[in-house]
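The values are calculated or read from the model by the stated rules, or taken from the named source; none is laboratory data. Source: prediction; values computed, not measured. Cβ sites come from the backbone with ideal geometry, for glycine too, and all protein chains shown count toward neighbours. Quick note on the areas: whole protein, heavy atoms, side chains included, nothing else; ligands and nucleic acids left out. Shrake-Rupley method; radii C 1.70, N 1.55, O 1.52, S 1.80 Å.
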Amino acid sequence: MPPIRPSLAVLAAGVALVFAGCSSGSSPQAGSSPSPAPGSTPATYDGPAADPLEPTKVWTVDNQPLVNVASADLIGSSLVVTGWGKVAGDQDSVVIDRDSGSVRWRAGQLPREFEIGGATASPGRAGWPVAAGRDGILVLPYQLGPCQDGSYDCKPKELKPYRDRGLVAFSLADRSQVWHTEPMRSAAPPDGGSSSKGLRLISVADAEAGVVVATVGVQGNEWEDLNWDDKDSAPLTIAYDARTGKELWRRSGLIGEDVVDGTLIGLVRSTRPKAPGGVPVGVDLRKGTTLWSMPPGTSASWGGLGVEHAIVFDYGQTGQDVVAVRLLRVRDGALATLPTAEPAAVGWQVSPVPGGPLAWRVVSRSSPDGSANGTTLVEYTKDGSVQVGGKILPVEATTATTGFGSYVWIRTGGDRVRAFDQTGQSKSVDLTGNLTVLSADLLLVTRSDSTRLTLLRT
């Protein structure tokens, strides 16, 4: 199945705040950030309240084909949404005009076959928008040799031990083919099994960096791919120029995850026996070299991502439970421990746009680190301090969904979400659905099992 980028979960290692370089010895030592003293009580926010937030509707559309949206990205004048249609398993990427909400085209309308060096290639239907060139591109996976029924996902009897795959890019403006990569072969699958699901495109950078990063794995699942037995079955990460499709570098044993603050973050294999996760690393996007790394015995994975930071979950020696939650500065790998007496109740959301707190969390009265007065809003600020909103949240408030600037959206029951500020005061009416922050002033509202999309300006 063409991959839709999954929600992330960050694992990281140990309780140390200063980490050694990578095993090659060539990487700089990761720095450290301020960390609250264990058992300390966060200060109460005593700053000014924010102005009421009054989102205005730009448009609402019901005629786009997806009923469940998994991701949404704003690239220039195009809004690209990827998800599932009305038919079970029917994935697609849809290109929508940002200003009017009208559908320009969708991946399902592209030709089902094209030629590469005399061979027939079959593109997938779920892809990834990239800010490259003037209008941007949609990158799709392809496989050599289409399935018998013309679909991208072949039936088990058609699968081969190896299936050559690659990437193909189409212009968001006119859906013309811009480039394609050479076919690549994934590592040898264990026990002669199939490697047909081994390619997943991990991330794209901004238009300035202009890099597309893909990881080829045996299983197509990072947890399983990290437990390779020999180098021949190790995952492979490849970087391409987003304008031309030319290969820039490749690294065996690296699973790329995402691009944050101009740095590719990923996982390499842990030296800890039977570790369920990997070792988080920061990689130079243009060169593929390691910028920083956590200790080789780390067992970790990636979670909430922001503009410059990521959330880190430490699974400890057993690998079964979260023992600490940390905020990682992607520029240098510096970590700070986030306060929680109940690590398994992670709940932190990193702000995806600049300004305001770095991360938010809703803490219930019943939580071990909750307040006897009721549900509270906790924030982690740029100076490394932790603050609690000055007001008790409504009893129906459950979790922070996304934060931006001085506001955070909190689920208040069912599909309802509402904006609150740093004081913990309500600053908007309830909205119904799931929110995606597209930019500092644009929100997309989607609803499960519905084709309705609503674009809001804040």
Of Val353, Val408, Val417, which residue is surrounded by 20 or more Cβ atoms within 10 Å (Cβ to Cβ) and closer than 30 Å to Tyr315 by Cα? Val408
Is it fair to say Leu291 is within 27 Å of Thr436 (Cβ to Cβ), of a type outside the set (Gly, Ala, Ser) and in contact (Cβ under 8 Å) with a residue 60 or more places away in the chain? no
Which residues, taken from region 420-458, are surrounded by 17 or more Cβ atoms within 10 Å (Cβ to Cβ) and over 22 Å from Val81 (Cβ atoms)? Phe420, Asp421, Gln422, Thr423, Gly424, Ser426, Lys427, Ser428
Mind telling me which of the residues Gly256, Gly277 ends up being more than 18 Å from Ser299 (Cβ to Cβ), small (Gly, Ala, Ser) and open to solvent by less than 50 Å² (accessible area, probe 1.4 Å)? Gly256
Determine, yes or no, whether Arg272 is under 22 Å from the mean Cα position of the chain (by Cα) and surrounded by fewer than 21 Cβ atoms within 10 Å (Cβ to Cβ). no
Considering only strands (runs of 3 or more DSSP E) wholly within region 86-139, the ones with at least 1 residues that are in contact with a helix residue (DSSP H, G or I) (Cβ under 7 Å, 6 or more places away or on another chain) and among the small types (Gly, Ala, Ser) are 91-97
Regarding region 215-229, can at least one residue be identified that is surrounded by fewer than 21 Cβ atoms within 10 Å (Cβ to Cβ) and at pLDDT 90 or above? no
Scan (1) at pLDDT below 95; (2) part of a loop (DSSP other than H, G, I, E, B); (3) under 24 Å from the mean Cα position of the chain (by Cα) for the single condition Ala16 breaks and write down its number. (3)
Across region 89-128, what is the total count of residues that are under 29 Å from Asp258 (Cβ atoms), at pLDDT 95 or above and exposed (fewer than 14 other Cβ atoms within 10 Å of the Cβ)? 1
Taking region 163-183, which residues are open to solvent by 10 Å² or more (accessible area, probe 1.4 Å) and in a loop (DSSP other than H, G, I, E, B)? Arg163, Asp164, Ala173, Asp174, Arg175, Ser176, Glu182, Pro183
Examine region 27-39 for a residue that is in contact with a Ser or Thr (Cβ under 8 Å, 6 or more places away or on another chain), modelled with pLDDT under 95, in a strand (DSSP E or B) and not hydroxyl-bearing (Ser, Thr, Tyr), and state whether such a residue exists. yes
So in region 298-315, with the set limited to residues that are more than 13 Å from the chain's Cα centre (by Cα) and open to solvent by 10 Å² or more (accessible area, probe 1.4 Å), which one is nearest to Gly262 (Cα to Cα)? Glu308
Out of the residues in region 301-320 that are outside any loop (DSSP other than H, G, I, E, B), modelled with pLDDT under 80 and of a type outside the set (Phe, Trp, Tyr), which is farthest from Ile265 (Cα to Cα)? Asp314
